[in-house]
Amino acid sequence: MLDRRWIAEHVPHHGAMCLLEAVVDWSATTISCRATSHTDPANPLRAEDRLGAASGIEYAAQAMAVHGALLADAGGRPRQGYLTSLRGVTLHVVRLDDLPGDLSIQAECLSGDGTNVLYHFSVSHAGHCLVDGRAAVVLDAAAANVQGRQ
């Protein structure tokens with residue numbers, strides 16, 4: 001199991017913004033992570049003294065970033081991705097901060113071509129789905145933009 005320290009070293013999210021606690025399992029197409037930061041009163045996504053369910057999307061996006069880092073060539077830097085589209089997102093609860101214990105974050109790569117990746121994601125607690133949907137990610141958008149102008 002990869003811990004929070006490994007995650008923080010391999011994704012652009014640092015300090016309190018690194019929301020994931022551990023990678024539980026992963027393969028070439030899937031990743032499963034665990035988080036406890038949803039109960040932290042200092043969570044940077046909290047607003048008006050609560051953590052809304054839509055914050056689950058950021059948990060899922062970080063799991064996707066970790067997945068990309070795990071798939072990166074040995075010794076290479078992971079490609080920076082940008083969340084560009086969300087589809088079919090369902091918030092099954094209003095908030096996350098009132099749930100004791102771990103959140104489980106799952107992401108499955110449905111398709112990808114080296115520039116774009118489509119994931120299905122879900123965030124659950126004690127076997128109940130809290131947030132789910134699909135997310136499109138563009139990899140190395142800045143580099144692609146520069147190449148497109150040449």
Of the candidate values (i) 9.0; (ii) 15.1; (iii) 9.5, the one computed for mean projected area of the Cα convex hull in nm² from this structure is (iii)
Residue separation between ALA8 and SER111 times 0.36 nm, minus their alpha-carbon distance, gives in nm 34.5 nm
Tilt, helix 56-71 to longest principal axis of the chain (alpha-carbon atoms), in degrees rounded to tens, equals 40
If one builds a Gaussian network model of the chain from Cα atoms under 10 Å apart, the most fluctuating residue listed among ARG50, ARG134, ARG34 is ARG50
Nearest-0.05 FRET efficiency for ALA54 and ALA126 at R0 = 25 Å, using Cβ-Cβ distance, is 0.80
One finds the C-alpha centres of the range 82-111 and the range 41-75 to be spaced, in Å, by 9
For the chain, the charge dipole (Cβ of Lys, Arg +1; Cβ of Asp, Glu -1; about the Cα centre) points to a positive end, and the Cα of PRO41, HIS13, SER124 closest to that extreme belongs to HIS13
Out of GLN62, GLN80, GLN106, a Gaussian network model of the chain with alpha-carbon springs under 10 Å gives the largest mean-square fluctuation to GLN80
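Values in this text are rule-based calculations from the coordinates and carry no lab data. On a predicted model such as this, the values are computed, not experimentally measured, just so you know. Using ideal geometry, Cβ is built from the backbone for each residue, glycine included, and neighbour counts are taken over all protein chains shown.
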